[in-house]
1. Considering each residue of region 311-343, count those that are closer than 15 Å to D221 by Cβ, in contact with a Lys or Arg (Cβ under 9 Å, 6 or more places away or on another chain), crowded, with 23+ Cβ neighbours inside 10 Å and not aromatic (F, W, Y), and give that number.
2. Applying the selection to region 94-133, what residues are under 17 Å from the mean Cα position of the chain (by Cα) and in a helix (DSSP H, G or I)?
3. Which of (1) in contact with a Ser or Thr (Cβ under 6 Å, 6 or more places away or on another chain); (2) part of a strand (DSSP E or B) is the odd one out, the single condition P136 does not satisfy?
4. Quick one: what pairs do we get from region 108-126, first residue of a type in the set (D, E), second modelled with pLDDT of 95 or more, C-beta under 7 Å, 6+ apart or different chains?
5. Looking only at region 139-155, which residues are under 19 Å from the mean Cα position of the chain (by Cα) and not in a helix (DSSP H, G or I)?
6. When both residues are 6+ apart or on different chains and their Cβ atoms are under 9 Å apart, which pairs have a first residue that lies in region 237-257 and is on the phi > 0 side of the Ramachandran plot, and a second that is part of a loop (DSSP other than H, G, I, E, B) and modelled with pLDDT of 95 or more?
7. Suppose we filter region 57-81 for residues that are of a type outside the set (A, V, I, L, M) and either outside the structural domain of A116 (by TED's automatic domain parsing) or surrounded by 16 or more Cβ atoms within 10 Å (Cβ to Cβ) (or both); how many remain?
8. Quick one: H287 ticks every box in (1) in contact (Cβ under 8 Å) with a residue 60 or more places away in the chain; (2) within 20 Å of V217 (Cβ to Cβ); (3) part of a helix (DSSP H, G or I) bar one, so which box is it?
Amino acid sequence: MTSAVGSRVVVTGATGNVGTSVVRVLSEDPGIKSIRGIARRTPAWSPPKTEWSAVDLASGTANLAERFEGADAVIHLAWAFQPTHDPATTWRTNVLGSDRVFEAVAAARVPVLVHASSVGAYSPGPRDQAVDESWPTHGWPDAAYCREKAYLERTLDIFERDHPEVRVVRMRPGFLFKWESASEQRRIFGGRFLPGPLARPEMLPFLPDVPGLRMQVLHTDDAAEAYRLAVHSETARGAYNLAADPPVDASMLGEMVGTRAVRLPRAAARSALAAAWGLRLVPASPHLFDAVLRLPLMDCTRARTELGWRPRYTAEEVLREFLDGLQRGGGMETEPMRGRKVG
């Protein structure tokens with residue numbers, strides 16, 4: 001590890017779930033001199049050492065290289081999850097927008113690029129053992145989110161070949177939650193009008209237990225700490241898996257909230273989700289459901305040994321905080337993170 005006193009960092013997607021945690025962690029770090037937050041809309045939130053630039057990465061009209069000039073690192077987090085019925089729109093933001101970011105990093109001669117990849121970039125893998133960062137990253141091609149994350153892994157392969165002077169880090173976290181992200185994630189995955197109080201245990205007669213449905217989660221602040229450590233390190237490069245223990249399944253959730261888990265066949269669960277998605281009742285697509293069923297479990301040894309990273313929150317603590325945020329309409333003073341209690 002190094003002291004990177006005086007570092008200037010640019011953060012794209014700075015007003016979302018991960019961005020707000022990364023900006024806050026960097027603003028509290030005495031080794032960081034300044035932060036430029038880039039987002040589509042300038043927020044009311046004003047953390048120390050931070051200035052804002054309103055930029056829509058999908059438009060291609062802004063001079064990103066100019067905004068990156070003099071930066072010691074760019075942390076690229078900007079991502080659009082919706083509209084799930086129009087993958088061409090998310091492609092323009094997520095893939096073409098990321099291409100513009102990478103090109104601007106090279107043009108502005110920024111020495112460090114830290115990119116938000118995901119567990120969703122991984123190819124289907126074993127469910128009985130964890131995989132390290134060498135596992136193939138071809139995603140699940142039917143799901144736009146996975147397809148886009150995997151495509152950017154290939155883009156970065158080429159970028160690293162052509163720009164060896166840039167230290168590139170790829171973070172591959174599990175599913176990220178915090179209290180303040182609850183309203184945003186309810187809107188993204190459950191729909192704008194899904195009542196948050198449905199997360200109360202007494203409102204659930206049972207939890208559906210879909211065979212193979214198991215995932216890894218992480219507190220967003222713990223992910224942000226990994227980004228901070230990567231900026232300060234002179235040797236960190238390549239991919240890092242990030243997740244908290246233990247993996248989450250219906251049995252664990254049932255024990256946590258005191259509700260019994262009842263086995264639900266995959267086909268029935270998918271059919272119900274596909275029908276709701278087709279009627280535009282929920283934004284979460286059945287294609288993403290298919291992908292989650294096939295995601296491998298990640299081994300996070302590399303982040304622990306090379307970055308010195310340790311998550312502060314267990315998976316159960318992450319979910320308890322998030323469920324409380326759902327019930328209370330958790331949010332922040334940014335447009336993507338605005339809180340709203342429904343029901």
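The values are calculated or read from the model by the stated rules, or taken from the named source; none is laboratory data. Everything numeric here is computed off the predicted structure, so don't read it as measured data. No Cβ is skipped: glycine too gets one built from the backbone with ideal geometry, and neighbour counts run over all protein chains shown.
1. Number satisfying all stated conditions: 4.
2. Residues satisfying the conditions are N94, V95, G97, S98, V119, G120, A121.
3. (2)
4. Once the first residue is of a type in the set (D, E) and sits in region 108-126, no partner that is modelled with pLDDT of 95 or more comes close enough.
5. In the first step, residues of region 139-155 are kept if they are under 19 Å from the mean Cα position of the chain (by Cα); the result is 139-141, 143-155.
Answer for region 139-155, where residues must be under 19 Å from the mean Cα position of the chain (by Cα) and not in a helix (DSSP H, G or I): G139, W140, P141, A143.
6. Sorted first by the residue in region 237-257, then by its partner, the pairs are G238/E133.
7. First, the residues of region 57-81 that are of a type outside the set (A, V, I, L, M): 59-61, 63, 66-70, 72, 76, 79, 81.
If we keep only those that are either outside the structural domain of A116 (by TED's automatic domain parsing) or surrounded by 16 or more Cβ atoms within 10 Å (Cβ to Cβ) (or both) as well, we get 67-68, 72, 76, 79, 81.
So the count comes out to 6.
8. Of (1) in contact (Cβ under 8 Å) with a residue 60 or more places away in the chain; (2) within 20 Å of V217 (Cβ to Cβ); (3) part of a helix (DSSP H, G or I), only one is false for H287: (2).
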